[in-house]
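Peer 1: Got a structure for you, written out below as structure tokens; questions coming shortly.
The values are calculated or read from the model by the stated rules, or taken from the named source; none is laboratory data. All figures in this text were calculated on a predicted structure; none of them were measured in a lab. Neighbour counts run over all protein chains shown; Cβ positions are idealised from the backbone, glycine included.
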Amino acid sequence: MVSRPHRAYRAKQARLTHRGFTLVELLVVIAIIGILIALLLPAVQAARESARRSACVNNLKQIALAVSNYEGVHRSLPPGDVTRATAADGTPLPESSFFYGTNWAIAILPFIEQQAVFDQYDLSVTNTHPNNEAVRRTFMPGYMCPSEPNPLELATRATGPGNNLLWAPTSYAAVTGWAQNDPWWGNFSGTVPEPLALPLEYRGAMHTVGNSGPTGRASFTLKTERIANVKDGMSNTLLVGERSIVSPHPRRNAWAYTYGQYVKSAAYPQTRILLIDYDRCAQVGGPGGDNPCKRGFSSFHPNGINFAFGDGSVHFFGTSQDMSVFVAMSTIDGGEPLIVPQ
């Protein structure tokens with residue numbers, strides 16, 4: 001027969017045997033779980049960014065294919081934008097009277113399965129006209145890099161005749177050509193003094209058409225380019241690149257806004273144009289003031305930017321890119337020997 005004290009001792013031992021975690025043990029377990037999460041999180045984030053970058057590359061490939069299909073139908077590449085800056089008699093107009101028409105992103109809509117959106121656009125009026133309100137407020141997934149943190153930001157822009165209107169954003173910009181400080185190939189208008197004029201060989205595949213641009217010739221009219229004009233070769237010529245800005249920011253690109261730099265950029269031989277922070281670029285300073293910052297290329301991908309070439313290929317450019325090579329690839333007729341990034 002088991003004595004009462006012995007039974008009490010065995011019951012106490014059983015309670016001790018089945019006790020829960022102590023506070024110290026619980027803290028150790030939590031710490032281990034935290035360490036594992038900390039180790040796994042960067043890998044998960046890297047995998048997600050890799051998937052987003054792949055989707056962005058696909059967007060650019062589809063854009064390049066659409067440009068190629070556009071050329072097959074119209075026998076020329078799309079315009080970077082259409083800006084008429086002179087009257088019928090060739091007299092230069094004040095900027096307030098410019099006609100800002102279609103642009104490359106609008107022109108290729110039928111070739112990216114967006115015929116319905118294109119049909120809504122009224123080509124006879126500017127893209128700031130009330131007739132085109134529905135189009136300029138339309139979000140286009142194919143024009144947005146998945147790495148963008150604010151893909152549905154409908155907002156006003158900093159400058160131009162449509163600065164008080166709401167615009168849907170885009171992550172991409174046409175490469176208009178090689179710019180030097182003040183002159184550029186996107187919407188530059190008026191008579192350019194000879195020292196500032198740029199040679200025609202510096203123009204890109206999709207630049208402003210309808211005015212003289214930075215040619216120094218008041219009576220000259222830039223026109224869309226045929227593939228035959230791309231003497232450097234389509235595989236050596238930049239077509240469209242990424243352009244993102246830390247947002248919300250009024251300088252952010254807008255795919256239906258023809259004015260200024262909002263749907264096209266330029267290649268400057270300055271590394272600061274690759275900064276995603278517009279304000280930081282302006283603070284760094286350099287030739288041309290903040291104008292190069294308005295027309296830069298940048299992305300939310302770590303350490304680089306995707307660019308589509310005329311042949312449909314897409315290449316990743318590091319932010320330490322040799323800018324002399326970069327500006328050479330922005331032209332269609334520069335005749336420079338190039339090595340395209342792999």
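Peer 1: Can you list residue pairs whose Cβ atoms sit under 6 Å apart, with the first residue in the stretch 276-303 being on the phi > 0 side of the Ramachandran plot and the second being in a loop (DSSP other than H, G, I, E, B) and surrounded by fewer than 19 Cβ atoms within 10 Å (Cβ to Cβ)? Count only pairs 6 or more apart in sequence or on different chains.
Peer 2: 288/181; 288/182; 303/319
Peer 1: Which of (1) in contact with a strand residue (DSSP E or B) (Cβ under 7 Å, 6 or more places away or on another chain); (2) modelled with pLDDT of 80 or more is the odd one out, the single condition residue 58 does not satisfy?
Peer 2: (1)
Peer 1: Moving to a separate point now. Between residues in the stretch 72-94 that are modelled with pLDDT under 75 and residues that are in a loop (DSSP other than H, G, I, E, B), which pairs lie under 7 Å by C-beta distance while being six or more apart or on different chains?
Peer 2: Pairs found: 86/93; 86/211; 87/93; 90/219; 92/85; 92/190; 92/191; 92/218.
Let's see how each residue does on (1) in contact with a strand residue (DSSP E or B) (Cβ under 7 Å, 6 or more places away or on another chain); (2) at pLDDT below 95; (3) surrounded by 21 or more Cβ atoms within 10 Å (Cβ to Cβ):
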| position | (1), (2), (3) |
| --- | --- |
| 232 | no, yes, yes |
| 235 | yes, yes, no |
| 242 | yes, no, yes |
| 261 | no, yes, yes |
| 264 | yes, no, yes |
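Peer 1: Okay, moving on. Does residue 134 satisfy being touching a helix residue (DSSP H, G or I) at 6+ places or on another chain (Cβ under 9 Å), aliphatic (A, V, I, L, M) and either closer than 16 Å to residue 264 by Cβ or surrounded by 14 or more Cβ atoms within 10 Å (Cβ to Cβ) (or both)? Reasoning before the result, please.
Peer 2: Values: touching a helix residue (DSSP H, G or I) at 6+ places or on another chain (Cβ under 9 Å): yes; aliphatic (A, V, I, L, M): yes; either closer than 16 Å to residue 264 by Cβ or surrounded by 14 or more Cβ atoms within 10 Å (Cβ to Cβ) (or both): no.
It is false that residue 134 is touching a helix residue (DSSP H, G or I) at 6+ places or on another chain (Cβ under 9 Å), aliphatic (A, V, I, L, M) and either closer than 16 Å to residue 264 by Cβ or surrounded by 14 or more Cβ atoms within 10 Å (Cβ to Cβ) (or both).
Per-residue answers, yes or no, for (1) under 29 Å from residue 85 (Cβ atoms); (2) touching a Phe, Trp or Tyr at 6+ places or on another chain (Cβ under 7 Å):
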site: 217; (1), (2): yes, no
site: 222; (1), (2): yes, no
site: 225; (1), (2): yes, no
site: 228; (1), (2): yes, no
site: 242; (1), (2): yes, yes
site: 274; (1), (2): no, yes
site: 295; (1), (2): yes, yes
site: 302; (1), (2): no, no
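Matching residues to (1) assigned to a helix (DSSP H, G or I); (2) among the acidic types (Asp, Glu); (3) touching a residue at least 24 places away in the same chain (Cβ under 8 Å):
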{"position": "101", "(1), (2), (3)": "no, no, yes"}
{"position": "117", "(1), (2), (3)": "yes, no, no"}
{"position": "124", "(1), (2), (3)": "no, no, no"}
{"position": "128", "(1), (2), (3)": "no, no, yes"}
{"position": "133", "(1), (2), (3)": "yes, yes, yes"}
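Peer 1: Evaluate the stretch 182-196: report whether one residue or more is out of contact with any Phe, Trp or Tyr (no Cβ under 9 Å at 6 or more places or on another chain), at pLDDT 95 or above, in a loop (DSSP other than H, G, I, E, B) and of a type in the set (Gly, Ala, Ser).
Peer 2: Among the residues of the stretch 182-196, not one is out of contact with any Phe, Trp or Tyr (no Cβ under 9 Å at 6 or more places or on another chain), at pLDDT 95 or above, in a loop (DSSP other than H, G, I, E, B) and of a type in the set (Gly, Ala, Ser), which makes the answer no.
Peer 1: Would you confirm, using the coordinates I've provided, whether residue 300 is crowded, with 16+ Cβ neighbours inside 10 Å, at pLDDT 90 or above and farther than 20 Å from residue 170 by Cβ? If you could, list the steps in order and put the result at the bottom.
Peer 2: Values: crowded, with 16+ Cβ neighbours inside 10 Å: yes; at pLDDT 90 or above: yes; farther than 20 Å from residue 170 by Cβ: no.
No.
Peer 1: List pairs: first residue in the stretch 225-247 and part of a loop (DSSP other than H, G, I, E, B), second residue among the aromatic types (Phe, Trp, Tyr) anywhere in the structure, Cβ distance under 7 angstrom, at least six positions apart or on different chains.
Peer 2: Going by the 7 Å Cβ cut-off, the qualifying pairs are 237/309; 244/300; 245/278.
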